[in-house]
Every structure is written in structure tokens, then in C-alpha cells.
């Protein structure tokens, strides 16, 4: 069964190629969403005390929204800037999910850095899952993410690592490259989740 799941999830090279293909004609709106997202948190970071609290409160909703935007690409949906703000329609759960993931990851990090990193990979699909199941309980989204990532955490790590060259290039260009890197990474990650969730929902053998 695990081999069948692997066959249903494209290689990291293929996921990146899919992302580039899906972003053709959509780079403008994707960059705009990224800039709005980064801009909001950048402005808040300059507001003493209150800004940090507001960032904490809205991080879950904006994470839900930006994941909703980029999941449109592998699913053939219509990406709209307004989707970035749709996470606020499920504000309570998105906040709860963000806080619990942060807490669990922090607790694992107290043991060692590596367990904390592994934990972050384990919970990495939870916001996608909550988008697909808005009525789902927060802990159920976390548990389902853990189940989806069983046997795929290393694969997911390698996918993130595969962008390191782009990240270095972005640094060399004084950060300008990150404007393109963020949509690229998020689109590839959305394809990863879309294929992984479909493989998990496939027929059991």
C-alpha cells in the first residue's frame, strides 16, 4: 500500500515543474498576494507590543487564507486576492490551530532541535486539511496531518531543501528574489498536499 501511495505522489522535481507550469500567467496575482501577506506582517512588526499581539492573533487566519489561495492551482480553481482574507471566516479554529501547532512544535524543540523540526513537518498539512474541512475540530486536523505525513516527512524536507539555491539567489539579489520564491514554494507545497491527500483517500488494499 505504501508503494502505491508513493506512485500517486509526484517526485519533488515533478512537483516543482508543476508549480512553474501552474504559475504561468498567474505570477502577477501570486506575487501580489505574497506582497500583501508580507507587507501586513512587516508593518505590524514595527508597532511595539500591540503589533506582536495582533500578529499572533491573525497569523492563523492569514495562513489559512494564503494556503487557500495557492491550493487553487493544483485543483484548477480561480485564484483571487480576496482568498487571502477568507481565513477570517474561520477565525477561531485557525487561531486555535496556529497556537496548538506552535505549542506542540515548541515543546518538541525543548527536547532537541531536530525533534522540533520533525514536528513542524508532521503538522505541516493541518491548515490545508482545515481548509478542506472547515467544520473539523482543530485536534482532528492535527492528527490527520500526522497521519498524512507518516512516511513522507523526509520527502517533504527534501522538497523544502530543493529551494535552497533559489533562496541563496534571493539573498544575493538583496531579497528581490523572494518575491518570486514565495509563490513558487507555496504552489509546490500545495501540489504536494493535493496529491498526498488524494493518495491517502485512495482505495485501501
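Each value in this text was obtained by applying a stated rule to the coordinates, not by laboratory testing. For clarity, every value in this text was computed on a predicted model and none was experimentally measured. Please note: Cβ atoms are built from the backbone with ideal geometry, for glycine as well, and neighbour counts cover all protein chains shown.
Before moving on, here are some points about what is shown:
- Shape class for region 29-107: oblate, because the ratio a/c of the largest to smallest gyration tensor axis (alpha-carbon atoms, square roots of eigenvalues) is 1.5 or more and b/c is at least a/b.
- Computed [θ] at 222 nm, deg cm²/dmol, the chain (DSSP H ≥ 4; -39,500 (n - 2.57); rounded to nearest 500): -24000 deg cm²/dmol
- Overall shape of region 54-143 was characterised from the C-alpha gyration tensor. The equivalent ellipsoid obtained from it has semi-axes of 24, 14, 12 Å, in decreasing order.
- Of the options [x] 55, 37, 35; [y] 54, 44, 31; [z] 57, 43, 38, only one is Cα extents along the principal axes in Å as computed from these coordinates, and that is [x].
- Stretching residue 117 away from residue 154 to a fully extended chain increases their span by 12.2 nm, per 0.36 nm per residue minus the current alpha-carbon distance.
- Pairwise FRET efficiency - residue 99 versus residue 35, Cβ, R0 = 22 Å, nearest 0.05: 0.25
- Spacing of the two label points (7 Å from each Cα toward its C-beta) at residue 140 and residue 110, in nm: 2.9 nm
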